[in-house]
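Visitor: Quick one: the structure is below, questions incoming.
The values are calculated or read from the model by the stated rules, or taken from the named source; none is laboratory data. Worth saying up front: this structure is predicted, and the values here are computed from it rather than measured. Cβ: placed from backbone, ideal geometry, glycine included. Neighbour counts: every protein chain shown.
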Amino acid sequence: MLQTSLVKLLETSHRELLEAVADQTESKFHRSLGGEYGESSLVEVLTMIAWEERGVSIDSFERPMPPQAIHDLVGARWQTLKVLPSLDNKSANELVKKIVEREKKLLKHLLKNEEK
């Protein structure tokens, strides 16, 4: 895919995820998500997504507060957009594909649980 198409995919995926978490209450951010996320809370999953986007492996971390998780997610995306132009097409496509898949997976989970 062309760089502009990749950026558009990232922007759309990011916006959809942020819109899905915008109305979450403090308690919902800390409640376990269940399903494939097990006991992990939304704030923990958002933090893990941000760290995975940066290519950082984590075994454990201190539970952040929701605003910190959102800022971390936004910061990770900013870093991705900065590095994207320096990647070859194959690497850029693979990176964007993984990022979008993680975000869409969480978005689908949140929307499914919202319907209940």
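Visitor: When you look at residue 55, is it out of contact with any strand residue (DSSP E or B) (no Cβ under 7 Å at 6 or more places or on another chain) and within 20 Å of residue 15 (Cβ to Cβ), yes or no?
Guide: no
Visitor: Give the residues of segment 6-36 that are of a type in the set (Ser, Thr, Tyr) and in contact (Cβ under 8 Å) with a residue 60 or more places away in the chain, sorted by residue number.
Guide: 13
Visitor: Do you know which residues across segment 32-47 are closer than 15 Å to residue 21 by Cα and either in contact with a Pro (Cβ under 7 Å, 6 or more places away or on another chain) or surrounded by 15 or more Cβ atoms within 10 Å (Cβ to Cβ) (or both)?
Guide: If the condition is that a residue be closer than 15 Å to residue 21 by Cα and either in contact with a Pro (Cβ under 7 Å, 6 or more places away or on another chain) or surrounded by 15 or more Cβ atoms within 10 Å (Cβ to Cβ) (or both), then 33, 41, 42, 43, 44, 45, 46, 47 are the ones that fit.
Visitor: Here is a follow-up. Hey, can you tell me all the residues within segment 1-25 that are surrounded by 10 or more Cβ atoms within 10 Å (Cβ to Cβ) and of a type outside the set (A, V, I, L, M)?
Guide: Hits for segment 1-25 are 3, 5, 8, 11, 12, 13, 14, 15, 16, 19, 24.
Visitor: So, one more: Would you confirm whether any residue within segment 83-92 is out of contact with any Lys or Arg (no Cβ under 7 Å at 6 or more places or on another chain), farther than 23 Å from residue 5 by Cβ and without any contact (Cβ under 8 Å) to a residue 12 or more places away in the chain?
Guide: Within segment 83-92, not a single residue is out of contact with any Lys or Arg (no Cβ under 7 Å at 6 or more places or on another chain), farther than 23 Å from residue 5 by Cβ and without any contact (Cβ under 8 Å) to a residue 12 or more places away in the chain.
Visitor: Follow-up question, since we're still on this one. Does residue 67 meet the test of being assigned to a helix (DSSP H, G or I) and modelled with pLDDT under 90?
Guide: Yes.
Visitor: If you don't mind, there's one more thing I want to ask. Can you report the number of residues in segment 70-101 which are in a helix (DSSP H, G or I) and farther than 22 Å from residue 17 by Cα?
Guide: Of the residues in that region, 5 qualify.
Visitor: Name the single residue, out of those in segment 1-43 being β-branched (Val, Ile, Thr) and in a helix (DSSP H, G or I), that is farthest from the chain's Cα centre (by Cα).
Guide: 4
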